[in-house]
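Visitor: Sharing a structure, written as C-alpha cells. Questions coming.
None of the figures in this text is laboratory data; all of them are computed from the coordinates on show. Here the structure is a predicted model, which means the values were calculated and not measured. Positions of Cβ are backbone-derived with ideal geometry, glycine not excepted, and every protein chain shown enters the neighbour counts.
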Amino acid sequence: MTSSIITQKMIAKSLKDLMETETFQKISVSDIMINCQMRRQTFYYHFQDKYELLGWIYKEETKENITDFIEYEKWENIFNQLFGYFYENQRFYRNAFKVVEQNSFNEYLYEHTKNLYLKIIDELSLGFGISVSEEKKSLLASFYSHGFGGTIKDWIQNACMVNPSVMSSLMKTMIHDQLILSLRQSANHKVEKR
C-alpha cells in the first residue's frame with residue numbers, strides 16, 4: 001500500500017470516528033486533521049473538500065466489501081460480510097445518510113450491488129438452466145440493488161435492531177427465492193410467446 005493510500009485511509013478513519021458522534025455538517029477539515037494529528041494542508045494534497053473525502057470513503061469501502069470479492073467469493077458470503085460491515089459502522093452511516101448535498105451513499109451502494117446482483121442472476125440462471133436476456137438481467141439487478149439500498153438504510157436508521165446474521169439470512173433467502181421465481185416466469189413467458 002502506498003503512503004498516499006495510507007494517508008487517505010488515516011484521514012478517512014478520522015472523519016468516520018468524528019461522524020460517530022457529530023453530524024457531517026458540523027465537522028470541519030480542521031477537526032478531521034486535528035483528530036488524526038496531521039497538518040491541515042495534508043488534507044488538500046488528497047481531497048478537495050470533505051464531500052470528496054466522504055465520497056472516497058463510500059467508494060473505497062463498498063469496493064472493499066463487494067467488488068473485491070465478486071470474482072472469487074460466493075455471493076451468500078458477501079451478504080454476510082456486508083451486513084457485518086454495516087452493523088459495525090452503523091453510527092457513521094446513520095450520520096452519513098443525512099448528507100444529501102453531494103456524494104450520496106445510495107449511488108455508490110447501488111453501483112456496486114448492481115454488479116453483485118448481476119453475478120447472482122448469472123449463477124442462478126445457469127444453475128437452473130434458464131436463459132435470460134441482458135435487458136432482463138439489468139432490470140432485475142437494478143430493481144434488487146435499489147431495494148437492497150433502501151433496506152440497509154432503514155435497518156441502520158432503526159439502530160440495526162435485527163441481528164446482522166438474521167438480516168443477511170432473510171435477504172439471501174428472499175433474493176434466492178424471488179429471483180428464481182422471476183427467472184422461471186421469464187423463461188415460461190418466452191415459451192408461451194413462441
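Visitor: Provide the net charge surrounding Glu111, with neighbours chosen by a C-beta distance below 10 Å and charges set as Lys +1, Arg +1, Asp -1, Glu -1.
Guide: Computed value for this residue: +2.
Visitor: Along its three principal axes, how long is region 80-194 when you only count alpha carbons? Whole Å, largest extent first please.
Guide: 53, 31, 17
Visitor: What are the GluC sites (Glu not before Pro) within region 86-175 that DSSP puts in a loop, where the Cβ has at most 13 other Cβ atoms within 10 Å?
Guide: Glu101
Visitor: Here's another thing I want to ask about it. Determine the dipole magnitude for region 106-194: charges of +1 sit on the beta-carbon of Lys and Arg, -1 on that of Asp and Glu, nothing else is charged, the reference point is the Cα centre, and the result goes in debye to the nearest 20.
Guide: Once rounded to the nearest 20, the dipole reads 280 debye.
Visitor: Between Glu134 and Thr23, what is 0.36 nm times their sequence separation minus the Cα-Cα distance? Round to one decimal in nm.
Guide: 35.8 nm
Visitor: While we're looking at this one, here's another question. If I model a spin label as a point 7 Å beyond the Cα along the Cα-Cβ vector, how far apart are those points for Tyr44 and Asp31 in nm?
Guide: 2.0 nm
Visitor: Less than 18 Å apart at the alpha-carbon level, and either on another chain or at least 8 residues along: which lysines does that give for Lys98?
Guide: Leaving aside lysines fewer than 8 places away in the same chain, those within reach of Lys98 are Lys16, Lys26, Lys50, Lys59, Lys153.
Visitor: With Cα extents along the principal axes in Å as the read-out, I listed [x] 61, 41, 32; [y] 49, 32, 32; [z] 68, 35, 29; which label goes with the value calculated from this structure?
Guide: [z]
Visitor: With θ set to phi - 60° and the Karplus curve 6.51 cos²θ - 1.76 cosθ + 1.60, what are the ³J(HN,Hα) couplings of region 118-125 in order, to the nearest whole Hz, using x for Gly and Pro?
Guide: Computed from phi, the couplings for region 118-125 are 4, 5, 4, 4, 4, 4, 5, 5 Hz.
Visitor: Between Phe97 and Glu52, how high is the FRET efficiency from 1/(1 + (r/R0)^6) when r is the Cβ-Cβ distance and R₀ = 25 Å? Nearest 0.05.
Guide: FRET efficiency, Phe97 to Glu52: 0.85.
Visitor: Counting only the backbone N, which residues of region 58-94 are under 18 Å from the spot 7 Å out from the Cα of Lys9 toward its beta-carbon?
Guide: Only 58-69, 85-86, 89 pass the distance filter.
Visitor: Further question: So for the chain, averaging the separation of alpha carbon pairs under 8 Å that are six or more residues apart and normalising by length, what relative contact order in percent results?
Guide: Numbers: 151 pairs, mean separation 44.2, N = 194.
It comes to 23 percent, rounded to a whole number.
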